[in-house]
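In what follows, a structure is listed as structure tokens, so that the remarks can point back to it.
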Amino acid sequence: MEQKINELVAKLRTKNPSVSEPKARVWIELLWSDFESTYAKAGYDYRGAEMTEKIILQWIESYGAQLHEFAGRNPKYAHLLDEVK
């Protein structure tokens with residue numbers, strides 16, 4: 001799984017160079033856990049890390065360039081990202 005996280009971090013940084021590597025890693029880990037927990041709470045069967053990776057790749061393509069703007073408006077994530085340099 002670490003390999004997948006590293007690949008997603010690299011893709012996010014390519015899409016949004018203003019995000020540092022540590023912040024990109026936090027973003028990916030947050031998105032990963034948030035997606036999996038939301039999916040489970042909705043009652044869906046677990047479809048594996050491949051499904052989660054696919055969804056996060058879609059989010060990176062669609063929203064990756066604006067992620068840094070989102071953090072400032074969402075307190076759920078802002079405080080976690082402010083701690084990372």
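So, in the stretch 62-72, exactly how many residues are open to solvent by 30 Å² or more (accessible area, probe 1.4 Å) and at pLDDT 65 or above? Walk me through how you get there before you give the answer.
Taking the stretch 62-72 as the starting set, the residues that turn out to be open to solvent by 30 Å² or more (accessible area, probe 1.4 Å) are 62-63, 65-66, 68-70, 72.
Add one more test, that the residue is at pLDDT 65 or above, and what stays is 62-63, 65-66, 68-70.
Within the stretch 62-72, residues that are open to solvent by 30 Å² or more (accessible area, probe 1.4 Å) and at pLDDT 65 or above number 7.
Taking the condition of being open to solvent by 60 Å² or more (accessible area, probe 1.4 Å), at pLDDT 90 or above, over 22 Å from P75 (Cβ atoms) and part of a helix (DSSP H, G or I), how many residues in the stretch 7-61 meet it?
10
The values are calculated or read from the model by the stated rules, or taken from the named source; none is laboratory data. Worth saying up front: this structure is predicted, and the values here are computed from it rather than measured. So basically every Cβ, Gly included, is an ideal-geometry build from the backbone, and we count neighbours across all protein chains shown. Quick note on the areas: whole protein, heavy atoms, side chains included, nothing else; ligands and nucleic acids left out. Shrake-Rupley method; radii C 1.70, N 1.55, O 1.52, S 1.80 Å.
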